[in-house]
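For reference, the structure is listed below as structure tokens.
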Amino acid sequence: MNNRRLLVIDDEETISRALERYFRRLGYMVDRARELEEAEALATYTEYSLVIADLSLTGSVGSEGLEILRYLRWNCPRARVILLTAHGSEYSEREAYRRGAHAFMHKPRPLADIARLATEITRGGVH
Amino acid sequence: MKLSLLDQLRAPGAIRVEFQPIMTVNSHGPQLYAYEALARGPKGTSMERPDVLFEYARRKSVEAEIDLICIAEVLTAAELLPGKPSISINLHGSTMTNVEQFAETFLALAKAHDIAPERLMLEIVEHRAPWSMDILRTTLDELRAAGIRIALDDLGVAASNYRMIVDCRPDHLKIDRYIVSGCSTDPYRLAVLRSIVTLAQSCAAIPIAEGVEEQHELETILSLGIDKVQGWLFGQSKPASAINLERIPS
């Protein structure tokens, strides 16, 4: 069984697809969600080893990307989570780590950087 | 402007329907008993997976709306099925109580598609209780009086439990694949199946085993006295246009 399962949560189709293609080449099985509820529905039935989520999802209400952290913490506790943001503040970064994120990264960044970070955190490194 | 996922699901034809045979297996061999209609979201999206589709609908609190869309799509697709087979349709129990005059609406839809109520079975799935018991009972009575059969889906897992049997008085008990899969070698699954057979007899309900994929599972199921089965052993789900009655073993 492939235990490299990635969930990409981003409402920007271009970025989401690029991440999907890149990580598929690295051997991941990839699902994509663009809304909080869609991500939660997917995570209800699939055990992901890695989640890459955008902090801001326009289709969701409230704290958006941070909300998924709460859900994953209880329902997908083995998943390593990278939170991406284009406009994140110190507060949101602190809050992300407090809610269980394993890494926080400012966009835009090359896909290779994200993949390197993914490798580190899935080996138990970083935060 | 980009459509939201929910709006995508609301678009006509976005929900696709496939049918999987439920068979009666006895000394005459397997015969078609009914088709279960299985709804799928748009191709290429996560909603293609029915578990994700309905979980999403529940999280958006639109399960009744999605149920009604699915019913309309199922009845439309069912017109293409060869012969006049029975059709089983999944439905949240809460939809029966949250949609005003559900029985009337459902029967009117069936009539519009020229499908007799006697051909229809509603499989109740539930993830969220409670609901209004008075409305549920009235709705079930109206549906039964019209000739519609009631099944309890996913028996043995999740919220499909004894309370659902007491509340819904089902005509059929659909045993979840989790219990069926591996039943020929697992004494615990076998024990659960035996107890369901006894329960079904006491409630005058007909058990249906879901997820039968192996011949040895079928033999075990039959040896327990369950003769209604569904699963890959008898065919995967297909769109109505791809179903030819001659291909169904008989």
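The values are calculated or read from the model by the stated rules, or taken from the named source; none is laboratory data. The model shown is predicted, which means the values in this text are computed figures rather than measured ones. For neighbour counting, all protein chains shown are included, and Cβ atoms are generated from backbone atoms with ideal geometry for every residue, glycine included. The protein model used for the area step is the full one, side chains on, heavy atoms only, and it has no ligands, DNA or RNA in it. Shrake-Rupley method; radii C 1.70, N 1.55, O 1.52, S 1.80 Å.
Does A:A53 count as touching a residue at least 40 places away in the same chain (Cβ under 8 Å), assigned to a strand (DSSP E or B) and more than 14 Å from chain B (Cβ to nearest Cβ)? Judged against the criteria, A:A53 is a match. Against the conditions (1) farther than 16 Å from B:S46 by Cβ; (2) open to solvent by less than 20 Å² (accessible area, probe 1.4 Å); (3) within 14 Å of another protein chain (Cβ to nearest Cβ), A:A79 satisfies every one except (3).
Inside the range A:98-127, can you point out the residues that are assigned to a helix (DSSP H, G or I), open to solvent by 60 Å² or more (accessible area, probe 1.4 Å) and farther than 15 Å from A:L50 by Cβ? Within the range A:98-127, A:R98 is the sole residue that qualifies.
Could you pull out the residue among A:G59, A:G65 that is at pLDDT below 85 and open to solvent by less than 10 Å² (accessible area, probe 1.4 Å)?
Values: A:G59 fails: open to solvent by less than 10 Å² (accessible area, probe 1.4 Å).
Criteria check complete, one pass: A:G65.
When restricted to residues that are over 18 Å from B:A242 (Cβ atoms) and within 18 Å of the chain's Cα centre (by Cα), the range B:54-74 contains 14. Of all the listed residues (A:D31, A:D10, A:D54), the sole one being charged (D, E, K, R) and over 10 Å from the mean Cα position of the chain (by Cα) is A:D31. Against the conditions (1) under 16 Å from the mean Cα position of the chain (by Cα); (2) over 20 Å from B:G211 (Cα atoms), B:M133 satisfies every one except (1).
Note on the range A:12-50: among residues that are more than 14 Å from chain B (Cβ to nearest Cβ), in contact (Cβ under 8 Å) with a residue 12 or more places away in the chain and out of contact with any Lys or Arg (no Cβ under 9 Å at 6 or more places or on another chain), the one that is most open to solvent (accessible area, probe 1.4 Å) is A:Y22.
Filter the range B:1-42 down to the residues that are within 14 Å of chain A (Cβ to nearest Cβ) and farther than 17 Å from B:V62 by Cβ, then identify the one that is least open to solvent (accessible area, probe 1.4 Å).
Initially, the range B:1-42 is screened for residues within 14 Å of chain A (Cβ to nearest Cβ), giving B:1-9, B:41-42.
Now restrict to residues that are farther than 17 Å from B:V62 by Cβ: B:1-2.
Working: B:M1: 227, B:K2: 112 Å².
The selected residue is B:K2.
The combined condition, being open to solvent by 50 Å² or more (accessible area, probe 1.4 Å) and of a type in the set (V, I, T), is fulfilled by B:T76.
The single condition from (1) of a type outside the set (G, A, S); (2) within 14 Å of chain A (Cβ to nearest Cβ); (3) under 17 Å from the mean Cα position of the chain (by Cα); (4) buried (at least 17 other Cβ atoms within 10 Å of the Cβ) that B:D51 fails is (4). The single condition among (1) within 14 Å of another protein chain (Cβ to nearest Cβ); (2) of a type outside the set (G, A, S); (3) surrounded by fewer than 20 Cβ atoms within 10 Å (Cβ to Cβ); (4) assigned to a helix (DSSP H, G or I) that B:R144 does not meet is (1). When A:R73 is tested against (1) touching a Gly at 6+ places or on another chain (Cβ under 6 Å); (2) outside any helix (DSSP H, G or I); (3) of a type outside the set (A, V, I, L, M), only condition (2) is not met. Of all residues in the range B:87-125, those satisfying the criterion of being closer than 22 Å to B:P21 by Cα, free of Cβ contacts under 8 Å to residues at least 60 places away in the same chain and touching a helix residue (DSSP H, G or I) at 6+ places or on another chain (Cβ under 8 Å) are B:I89, B:L91, B:H92, B:A110, B:H113, B:I115, B:A116, B:P117, B:L120, B:L122, B:I124.
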